[in-house]
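The structure appears right after this line, and notes come after that.
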6 protein chains.
Amino acid sequence: MNHAVFAGTFDPVTNGHLDLMRRALRIVDRLTVAVAVRPEKGVLFSQADRVAMIQESMHGETRLTVEPFSGLLVEYARQRKASMIIRGLRFVSDFEYEFQMALMNRRLDDGIETLFLMPSEAHTFLNSTLVKEIAMAGGPVESFVPAHVEARLRKAVEARR
Amino acid sequence: MNHAVFAGTFDPVTNGHLDLMRRALRIVDRLTVAVAVRPEKGVLFSQADRVAMIQESMHGETRLTVEPFSGLLVEYARQRKASMIIRGLRFVSDFEYEFQMALMNRRLDDGIETLFLMPSEAHTFLNSTLVKEIAMAGGPVESFVPAHVEARLRKAVEARR
Amino acid sequence: MNHAVFAGTFDPVTNGHLDLMRRALRIVDRLTVAVAVRPEKGVLFSQADRVAMIQESMHGETRLTVEPFSGLLVEYARQRKASMIIRGLRFVSDFEYEFQMALMNRRLDDGIETLFLMPSEAHTFLNSTLVKEIAMAGGPVESFVPAHVEARLRKAVEARR
Amino acid sequence: MNHAVFAGTFDPVTNGHLDLMRRALRIVDRLTVAVAVRPEKGVLFSQADRVAMIQESMHGETRLTVEPFSGLLVEYARQRKASMIIRGLRFVSDFEYEFQMALMNRRLDDGIETLFLMPSEAHTFLNSTLVKEIAMAGGPVESFVPAHVEARLRKAVEARR
Amino acid sequence: MNHAVFAGTFDPVTNGHLDLMRRALRIVDRLTVAVAVRPEKGVLFSQADRVAMIQESMHGETRLTVEPFSGLLVEYARQRKASMIIRGLRFVSDFEYEFQMALMNRRLDDGIETLFLMPSEAHTFLNSTLVKEIAMAGGPVESFVPAHVEARLRKAVEARR
Amino acid sequence: MNHAVFAGTFDPVTNGHLDLMRRALRIVDRLTVAVAVRPEKGVLFSQADRVAMIQESMHGETRLTVEPFSGLLVEYARQRKASMIIRGLRFVSDFEYEFQMALMNRRLDDGIETLFLMPSEAHTFLNSTLVKEIAMAGGPVESFVPAHVEARLRKAVEARR
């Protein structure tokens, strides 16, 4: 059975991330979404909240598991018996960083292969940082994240004021 | 009437920024330079000082206005009844970030078009961060910024010591 | 009055080119589309046909003129009393070539400014060469070019067989 | 069952291509290598020879099929009932071209996903054109291609003289 | 006599840096490695430790000197009577930053030339930040740094816990 | 003694190439400029003329030799007992191609190091192809090439008509 890991900060998950998860599920039998621990001051949402937002967004998708994650990604993949790491590619700058990480990961464990997928072009420009900036500035974010994420984002932004 | 916004941090304004403003004024009837608010600890000059340095540099240019700015750029442009955002492009890395911002802004308001201009090649390497680093290290900056900016830069650097 | 030139081979014009022309007309008062002469063996359509396909696509747009063109673009712009050259940007590789051309053109005539616009992300991947390859392979092109261009493309492809 | 297509010119197949095929076979159940037809004057080896060199290199690999191919890749994938296209990525310039092709292919058939893999860094610099140039100049190619390909390459180069 | 400066943070020095130093010594008569001062909170090792780790790694290499450094690099090179700055290039993103720095340095002193070298492809993916992240996560770093650096890295990571 | 090779087509030599040769001569003791043979139909000037134009431009520079060249560059450098290959870098696209060539050359002979230099930013946009296009279109090229090259270029262009 074909098992892949898709890791990230997801602060918060966007429609771009969700599009990639759905594309990955067409390719692999099982997908584990690994939500990276981050120092609390660096993120808007707690790790538990970031996990919950993805679970709610992908509800009913039985081949997908969402888990908190810390440490080395290849080590984590090995423990989960996953043989693939899924990454999204949108920009040249993504590409170089991803390339560097993938080569490093391959050096750490050559048995785990990195697969790159391309999100829908409608999400090319999307990233969590931009979405947070727009929300902070009071702009509309409903076309970038699911409705339940938008609600949490509004609340988190208000709490920060 | 053709009205564009040119936004940035301008900490401080360089000859590269001024070159772009002059090029923009050959294309548009009216140019508003929007100086972004930033957390005080992240910048060397206050927002008021950053506005003043541009005003002094472009003195006598009646079709140009300099204003403090915060919030969403497309929202700001809409309020000013500007239909264009002007951006400078020098490097591939600029290009990708700018592309992402421009696509996001277009999604937020398709009525506002982003125009990219190219600064003179004599300013390709210039940016405010490098200019500040050189000034901090005691190096010469007179060919990178106007004389009055250089004087302020020297004073600000000394105050930091 | 604000007059710009938009030059290309347009073999054939695509929805991406037409999107850029419409965006340019929101910025300038008058747009001249300059259709470059090419050695007949290098193109699928004659220069006259490439001009006609753009005229038909932009029919009724009185501020736009389509003309055959050969020689130096800055020289042509100067003769037409245009002060701007419009270029589309989609990719890093576009960017570098365009940057090089724009610097060269500025060196040849500093009075003519190059403006870069970004096509809709729905057309990011589009170019005339890909469209021709798909048509040659018998694939569907109706979402990439106007209907009348598609008809001509089918005919041209059949004549080549 | 998981079936992917890996297409190219393979004129001739290099160790970099073979590394990618082996990596792909760790991810998919079945791999079809599609060898593109090319005008005879543009390639050193005939389509039949290019097919044969891959078959010989991957001999014994029962989950891999090598086939001549012409036309639209997505159409071909659909006929073979493959749901994935595999592509190798090494450079930024690869990336942009591949991105453009993948977006175009997705537009032509959204049911076929493009997966990008990274070859071993030992093969980053390898491509068929460089290998042919070295062989033409009488240089050593034995570390870039399998021995049987090297022998054919020597013979083809001599025949050209 | 041919004298060059190779500057960096080296927090800690990696096999990639050492490979570049050895390549530089094949080209120049004398090489000064300049270890930049950094705010203590931004680095894992003190400036003295970073100097010592390079000295130990390049022990016996009489044409190489390692020194602490602060201020402007071109000014420093001038004081040392070096006429060249050596930089490593691996990625497009490196390239653009390096290009910008080199143009700025040339503007500050046209008598000092910047030379770019390419590290071995086995080290393409290596950088100090990644090495520290792996060490922090308890992963293996012995193939990325010399043994004595690995020992110090383990100790420094434990002290942080 | 420090000996480097600088190879190219030089069809014709431009001020950008000459700037790089002068910069190289500040770094190395001896420079051999290797002018590549090309199929006559692909170039405007014969190999002998391309050699002569460089010799005339660098007249009096005793540490520089200009020679016709064919075959493998590393082989040629080895025969000339040169230990370095000099290359110019201006653009990201240059960079990737150069990187690939330099890795290949290192694989062919690890004793020959490739050094990258940066031309003056005044020549960033310059290349022989653009210069020829401008000359063909009757545009001014006197600021891009030496006067004697300009004269030859005019004559060659007229002969083609």
#### Entry: Test: residue in segment B:74-96 that is over 30 Å from E:Glu98 (Cα atoms), of a type in the set (Ser, Thr, Tyr) and either out of contact with any Asp or Glu (no Cβ under 6 Å at 6 or more places or on another chain) or modelled with pLDDT of 90 or more (or both)
yes
### Task
Give just the number: which of (1) closer than 22 Å to C:Gly16 by Cβ; (2) in contact (Cβ under 8 Å) with a residue 40 or more places away in the chain does C:Arg80 not satisfy?
(1)
### Query
How many residues are touching a Lys or Arg at 6+ places or on another chain (Cβ under 7 Å) and closer than 20 Å to F:Thr14 by Cβ if we restrict to segment F:50-88?
1
### Task
Can you confirm whether segment B:117-131 contains a residue that is surrounded by fewer than 17 Cβ atoms within 10 Å (Cβ to Cβ), under 14 Å from the mean Cα position of the chain (by Cα), of a type outside the set (Lys, Arg) and at pLDDT below 90?
yes
### Positions within segment D:26-75 being assigned to a helix (DSSP H, G or I), free of Cβ contacts under 8 Å to residues at least 60 places away in the same chain and closer than 14 Å to D:Ala4 by Cα, in sequence order
D:Val74, D:Glu75
### Message
Tell me yes or no: at least one residue of segment D:76-96 is assigned to a helix (DSSP H, G or I), more than 13 Å from chain F (Cβ to nearest Cβ), surrounded by fewer than 18 Cβ atoms within 10 Å (Cβ to Cβ) and not polar (S, T, N, Q).
### Response
yes
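For E:Thr9, are the conditions met, namely being under 25 Å from E:Glu142 (Cβ atoms) and within 12 Å of the chain's Cα centre (by Cα)?
yes
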### Message
Please go through (1) under 15 Å from the mean Cα position of the chain (by Cα); (2) modelled with pLDDT of 90 or more; (3) assigned to a loop (DSSP other than H, G, I, E, B); (4) of a type outside the set (A, V, I, L, M, F, W, C) for C:Gly111 and return the number of the only condition it doesn't satisfy.
### Response
(1)
### Evaluation of F:Ala151 against (1) in a helix (DSSP H, G or I); (2) at pLDDT 90 or above; (3) within 14 Å of chain C (Cβ to nearest Cβ) (one fails), failing number
(3)
### Summary
Within segment D:28-75, the count of residues that are more than 14 Å from the chain's Cα centre (by Cα), open to solvent by 10 Å² or more (accessible area, probe 1.4 Å) and under 25 Å from A:Asp29 (Cβ atoms) comes to 5
### Query
Is there a residue in segment B:106-126 that is without any contact (Cβ under 8 Å) to a residue 24 or more places away in the chain, more than 14 Å from chain E (Cβ to nearest Cβ), touching a strand residue (DSSP E or B) at 6+ places or on another chain (Cβ under 9 Å) and not small (Gly, Ala, Ser)?
yes
### Query
Taking segment C:106-116 on its own, how many of its residues are surrounded by fewer than 20 Cβ atoms within 10 Å (Cβ to Cβ) and either closer than 19 Å to F:His123 by Cβ or touching a Phe, Trp or Tyr at 6+ places or on another chain (Cβ under 8 Å) (or both)?
4
#### Entry: C:Val43, sole failed condition from (1) β-branched (Val, Ile, Thr); (2) within 19 Å of C:Val13 (Cβ to Cβ); (3) out of contact with any Asp or Glu (no Cβ under 7 Å at 6 or more places or on another chain)
(3)
## Note on the structure
Of the residues in segment D:132-150 that are among the hydrophobic types (A, V, I, L, M, F, W, C) and open to solvent by 20 Å² or more (accessible area, probe 1.4 Å), the one that is nearest to C:His123 (Cα to Cα) is D:Met136
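The values are calculated or read from the model by the stated rules, or taken from the named source; none is laboratory data. Note that the structure is predicted; figures quoted are calculated from it, not measured. A quick note on method: Cβ atoms are made from the backbone with ideal geometry, for glycine too, and the neighbour counts reach across all protein chains shown. Quick note on the areas: whole protein, heavy atoms, side chains included, nothing else; ligands and nucleic acids left out. Shrake-Rupley method; radii C 1.70, N 1.55, O 1.52, S 1.80 Å.
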